[in-house]
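What follows is a short report on a single structure.
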């Protein structure tokens, strides 16, 4: 399959399938600091949303699209976070489309290295933004679950000899939120979690389409284990909350296509929960037919975990 055409198809589907993020709207506050550059590329940008007050604030760090670089803001969440003195940062990364254009053999590396750097950058500027570095959480919805998870699990690693102060930051995340997205880009693991042929998710992360990545799995595995986020889960991974608004069968809603349902199926969360619990990680889950555990929803989980006196 022509990868340029395949990427165009993936981008088209990704845009058609609504994620949690929306353009800045009337119900959202304007950013306190907009278009802050966290790296040399013009698409390495972030927005900072601080609640009223002097802080220190907890913070939810959110991530945006991965196929095409896009600046977005979660459509809701502020109403739960701001009253608990929790800020939000929205991070834009380079997209896999740019990596393909520049012939990067591992296109997902652009997205994930940017995500990790962005999270470290937030901590580097924590004092300036009145952020409590002991109250940092990450959140992703749909495709942005991948950079959110990867950054949370890898931003603790430092390069002490680096001349770049960002790379000397070690971030310890307090909570991880997922909304209807996968926690892996390992093609075999994805298939084991969600066998639907309409859920061949993640290409061209490894520079090829999904079926080719399965055929070349043994060859690609060393690279997959370097970039697929679940490979970095340990017993020290912070608590997680995985939410999906649908159940284990497609809703009888004509507006929800089978492709949309398959790509955002709660099967992703069920597979991820089983996986992380093998390491002793606390993982809560909510989907239709499976009531929430302890917290009302993912937003409630993040708010209570990151408030000044965590629950």
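Assorted remarks:
- In nm, spacing of pseudo-spin labels at residue 252 and residue 128 (7 Å Cα→C-beta vector): 5.6 nm
- Scaled radius of gyration (Cα, divided by 2.2 N^0.38 Å) that the chain gives: 0.94
- Comparing Cα centroids, the stretch 89-153 and the stretch 38-67 end up 10 angstrom apart.
- Spin-label model distance (nm) - residue 35 vs residue 104, 7 Å beyond Cα toward Cβ: 2.3 nm
- Each peptide among 126-136, 62-72, 247-257 gets the average number of other Cβ atoms lying within 10 Å of its residues, and from highest to lowest they stand as 62-72, 126-136, 247-257.
- Neighbour counts of C-beta atoms inside 10 Å place 298, 179 in the sequence 179, 298, starting with the fewest.
- For the peptides 92-101, 45-54, 288-297, 142-151, residues were scored by their other Cβ atoms within 10 Å and the scores averaged per peptide; the highest-first order is 142-151, 92-101, 45-54, 288-297.
- Residues of the stretch 251-287 with amide N under 14 Å of the 7 Å Cα→Cβ point at residue 196: 251-271
- At R0 = 35 Å, FRET efficiency that the Cβ-Cβ distance of residue 215 and residue 293 yields, to 0.05: 0.35
- Where labels lie 7 Å past Cα in the beta-carbon direction, separation of residue 231 and residue 277 in nm: 2.6 nm
Read-outs throughout are calculated quantities, based only on the coordinates presented, and are distinct from any laboratory measurement. None of these values were measured; they are calculated from a predicted model. Neighbour counts run over all protein chains shown; Cβ positions are idealised from the backbone, glycine included.
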